[in-house]
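One structure is given below, encoded as structure tokens.
Taken together, the values in this text are just the output of simple stated rules run on the coordinates, not laboratory data. Given the structure is predicted, the values throughout are model-derived calculations rather than measurements. Backbone-built Cβ (ideal geometry, glycine too); neighbour counts: all protein chains shown.
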Amino acid sequence: MSKTSDSVPLNFQYRKEAEMLERSTEFYQQMKSRRTVREFSAKSVPRAIIENCLRTAGTSVSGANLQPWHFAVVSDPAIKKKIRVAAEKEEKLFYEEKAPQEWLDALAPLGTDANKPFLETAPYLIAIFQQRFGETADGGKVKHYYATESVGIATGMLITALHEAGLASLTHTPSPMAFLSEILGRPRSERPFLLLVVGYPAEDAEVPDIDKKQLDEIASFH
Ligand code: IYR
């Protein structure tokens, strides 16, 4: 393989197969306990924990390693309120006018509606932005490859890291989300990707009684 940039040793950690089996089983059990939460406690969360989870998201694979993401972390109550007001305006339109019946039927088991009090209750909102292109030091444009896939993977890693740290999250997608760019002053080169609500669940939080597909439903071996 030709190498055009400097390289360093990989430092791959080989493990015994028995240990690999145990670790993968344990990690599966841990991730299986993750649930999307819609009722949040106002209990504060140290920022250092959020920072570590964001560092983990930042280790994600990305097209040409261009890391086309930005995470805007909101804890200021005034900004959270602005986001709630704007999101609820969009959600009201969605639930009352825009959403086809088929979509509303699909959402019925989740019990969602246009009210989003968690946008103010939860200690953190993480607005995730996808950078359409990057910028060089002299203001030139750098094309981003597979930006949507890259940001999706980084978001998955963030959700995983938050769960592993002991926090709950909600992937919230008010649509359209242009208000996030405006409220958070993000450049036009970035598109809002997802709003992650982060904190502890409310003490009496309940979740829908829904399941994940079995392995034979999601995978085939050839
Ligand atoms: N954005 C709306 C609707 C919604 C859509 C999907 I797809 C969900 O999995 C859940 C909700 C809302 O947040 O209520």
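Considering the stretch 94-128 alone, what residues qualify as being in contact (Cβ under 8 Å) with a residue 24 or more places away in the chain and loosely packed, with under 15 Cβ neighbours inside 10 Å?
Within the stretch 94-128, PRO109, LEU110, GLY111, ASN115, PRO117 meet the criteria.
Among strands (runs of 3 or more DSSP E) lying entirely in the stretch 51-155, which contain 3 or more residues that are within 16 Å of the ligand (Cβ to nearest atom)?
So the answer is 124-131.
Any residue that is in contact (Cβ under 8 Å) with a residue 40 or more places away in the chain and of a type in the set (A, V, I, L, M) - is there at least one of those in the stretch 129-141?
No, that holds for no residue.
Kindly indicate which of PHE221, PHE179, PHE133, PHE129 is touching a helix residue (DSSP H, G or I) at 6+ places or on another chain (Cβ under 6 Å) and not acidic (Asp, Glu).
PHE179
Could you check how many residues of the stretch 31-50 are assigned to a loop (DSSP other than H, G, I, E, B), within 15 Å of PRO123 (Cα to Cα) and β-branched (Val, Ile, Thr)?
Adding up the residues that qualify gives 2.
Which of the following residues is free of Cβ contacts under 8 Å to residues at least 60 places away in the same chain and surrounded by fewer than 18 Cβ atoms within 10 Å (Cβ to Cβ): ASN52, ASN65?
ASN65
Read through the list (1) over 19 Å from the mean Cα position of the chain (by Cα); (2) closer than 20 Å to SER181 by Cβ, then give the number of the only condition that ALA99 fails.
Looking at each condition in turn, ALA99 falls short on (2).
Are any of the residues in the stretch 164-183 assigned to a strand (DSSP E or B) and either surrounded by fewer than 21 Cβ atoms within 10 Å (Cβ to Cβ) or more than 15 Å from the ligand (Cβ to nearest atom) (or both)?
yes
Confirm whether ARG34 is within 16 Å of the ligand (Cβ to nearest atom) and either of a type in the set (A, V, I, L, M, F, W, C) or surrounded by 11 or more Cβ atoms within 10 Å (Cβ to Cβ) (or both).
yes
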